[in-house]
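Structure first, commentary second.
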Amino acid sequence: VGIDSLPGDLREVAILRLKNMELSLRELADKLGLESKSVVQNKMNRILKIAEKLKKMEDSK
């Protein structure tokens, strides 16, 4: 389980963020061709929820 298991749109955001930690959400949105930083924030929130769910599953083993 890793970045490769994320849906394509989330994987693209995750990879770009990891490679460009210094960029603002607006800059990430521009690079991704998205209309606003809120779209990037929503995608980041979805990634975090998936990560939290996976961590809980891992911790319960």
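Here are the numbers:
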read-out	value
Long-range neighbours under 8 Å by Cβ, at least six apart or interchain, first residue without any contact (Cβ under 8 Å) to a residue 40 or more places away in the chain and closer than 21 Å to Leu16 by Cβ within the range 43-61, second part of a helix (DSSP H, G or I) and among the acidic types (Asp, Glu)	Lys43/Asp9
Test: Lys56 is surrounded by fewer than 10 Cβ atoms within 10 Å (Cβ to Cβ), modelled with pLDDT under 95 and part of a helix (DSSP H, G or I)	yes
Among residues of the range 5-25, those that are surrounded by 13 or more Cβ atoms within 10 Å (Cβ to Cβ), without any contact (Cβ under 8 Å) to a residue 24 or more places away in the chain and part of a helix (DSSP H, G or I), counted	5
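The values are calculated or read from the model by the stated rules, or taken from the named source; none is laboratory data. Since the model is a prediction, treat every value here as computed from it, not as a measurement. No Cβ is skipped: glycine too gets one built from the backbone with ideal geometry, and neighbour counts run over all protein chains shown.
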